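These notes are about the structure you will find just below.
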Amino acid sequence: MKIKTGGAGKAAPHAEYIAREGEYSKRLEKGEKLEYTEYGNMPKWAEYNPSEFWKAADLYERKNGSTYREFEIALPRELSEKQRIELVQEWVKQEIGDQHPYQLAIHNPKAMDGGEQPHAHIMFNERKLDGIDRDPDQYFKRFNSKNPERGGCQKLNTGKDYAVRKQEIKEVRERWETMCNRSLERAGLNTRVNMKSLKDQGVDQAPERKYMPSEARDPEKRAELMAFRESRKTAQIRHIAPQEVKQGLDSTMKRFEAYKLKQQQLEQQKKAAEMEKARLAAEAKKAIEIERQRQAQAQRQKTRSSKSKGMERD
């Protein structure tokens, strides 16, 4: 789970991004799946069009203020589409309730291993609804504690120091772990999520490298990821496997190490070939420049010779 915030000017574009609207609709044309969208708790002037709310937030929120906070959450691919939607709705009900305007979307692109990669974007505004009708320009003004109807909606999560925020984020992740595992259990699945780091779990193991979307399309990078995951499974099994299985695992690990070495050699050869190509190109460019200068010098000498002969005849 990632918890993000967006400043003034970023809310409306981000809402378009998660809803795959505007320029982001092209992703759907390329086959990416938008599994579900929803919004709620909008004021009357944005009741049927959440983009109006985010545009107003960008326009009227103070320049150094946040216009939204977002939960970006990986969802278990083991759950069905319906079960994932129900899980996200349950989370919204618990964490946001009827207090804050929100918009969410569930994306499901293809993962590097070829399977599903469902995840949710849940963005909400931290100004708390209090039942008072306000126009867009008043909604985002400073809260007036003595006369709430004269100011904007109260903004939560302000004035907290780093330690408090860090603890709250930890607690949010713990609540998600509990809710997600409860959903997996209801579905009759043995899979469970753990929001603690490997270090906090007491696991002496390197974390999986995060790949950029551009890298996910690279067959070599996908093979690298699959090989890493297989090696990690092998290391986990090694601790509980009988001797004959361990011998087989040793053989597998040796082949994996040989594969990694081969990949490194290929990468080095590729870099060497690129360097040689660049060197030859530089030499060719230098040779062309020398020849150009030689021809220019020859032309200058020819011109001087012609002028000299002309003067002798005169």
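A few remarks follow.
- Remark: pairs (first residue in the range 173-197, more than 18 Å from Lys2 (Cα to Cα); second residue in a loop (DSSP other than H, G, I, E, B) and of a type in the set (Asp, Glu); Cβ separation under 9 Å; 6+ apart in sequence or on different chains) = Leu184/Glu78; Ala187/Glu78; Leu189/Glu78; Thr191/Glu78.
- Scanning the range 139-158 turns up no residue that is of a type in the set (Phe, Trp, Tyr) and farther than 21 Å from Asn64 by Cβ.
- Residues satisfying the stated conditions in the range 1-20, i.e. touching a helix residue (DSSP H, G or I) at 6+ places or on another chain (Cβ under 6 Å), over 22 Å from Ile85 (Cβ atoms) and touching a residue at least 60 places away in the same chain (Cβ under 8 Å): Gly6, Ala11
- Options Asn147, Asn157, Asn125: the member that is closer than 25 Å to Ala12 by Cα and at pLDDT 95 or above: Asn125
- Restricted to the range 95-112, and to residues there that are among the aliphatic types (A, V, I, L, M) and in contact (Cβ under 8 Å) with a residue 60 or more places away in the chain, the residue that is farthest from Gly31 (Cα to Cα) is Leu104.
- Flag if Glu47 is buried (at least 19 other Cβ atoms within 10 Å of the Cβ) and either modelled with pLDDT under 95 or of a type in the set (Asp, Glu) (or both): no
- Failed criterion for Ala57 (all others in (1) touching a strand residue (DSSP E or B) at 6+ places or on another chain (Cβ under 8 Å); (2) more than 23 Å from Arg186 (Cα to Cα); (3) modelled with pLDDT under 95 hold): (3)
To keep it simple, each residue is scored yes or no on (1) touching a Ser or Thr at 6+ places or on another chain (Cβ under 6 Å); (2) part of a helix (DSSP H, G or I); (3) over 30 Å from Phe143 (Cα atoms); (4) not hydroxyl-bearing (Ser, Thr, Tyr).
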| residue | (1), (2), (3), (4) |
| --- | --- |
| His14 | no, yes, no, yes |
| Tyr24 | no, yes, yes, no |
| Tyr36 | no, no, yes, no |
| Ser51 | no, yes, no, no |
| Leu79 | no, no, yes, yes |
| Leu87 | yes, yes, yes, yes |
| Gly97 | no, no, no, yes |
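- Total residues in the range 113-141 satisfying the condition of being touching a residue at least 60 places away in the same chain (Cβ under 8 Å), outside any loop (DSSP other than H, G, I, E, B) and acidic (Asp, Glu): the figure is 1.
- Which listed residue is within 22 Å of the chain's Cα centre (by Cα) and over 30 Å from Leu28 (Cα atoms), from Val164, Val172, Val92: Val172
- Residue match in the range 106-113 (condition: at pLDDT below 95, closer than 30 Å to Arg192 by Cβ and either aromatic (Phe, Trp, Tyr) or surrounded by fewer than 14 Cβ atoms within 10 Å (Cβ to Cβ) (or both)): yes
- Out of Glu52, Glu16, Glu23, sole residue that is surrounded by fewer than 15 Cβ atoms within 10 Å (Cβ to Cβ), out of contact with any Pro (no Cβ under 7 Å at 6 or more places or on another chain) and not β-branched (Val, Ile, Thr): Glu23
- Whenever a residue of the range 21-46 is within 22 Å of Arg84 (Cα to Cα), its partners that are part of a loop (DSSP other than H, G, I, E, B) and acidic (Asp, Glu), lying with C-beta atoms within less than 6 angstrom and at least six residues away or across chains, give the pairs Asn41/Asp98.
The values are calculated or read from the model by the stated rules, or taken from the named source; none is laboratory data. If you're wondering where the values come from, they're calculated on a predicted model, not measured in any experiment. Every residue, glycine as well, gets a Cβ built from its backbone with ideal geometry; the counts of neighbours run over all protein chains shown.
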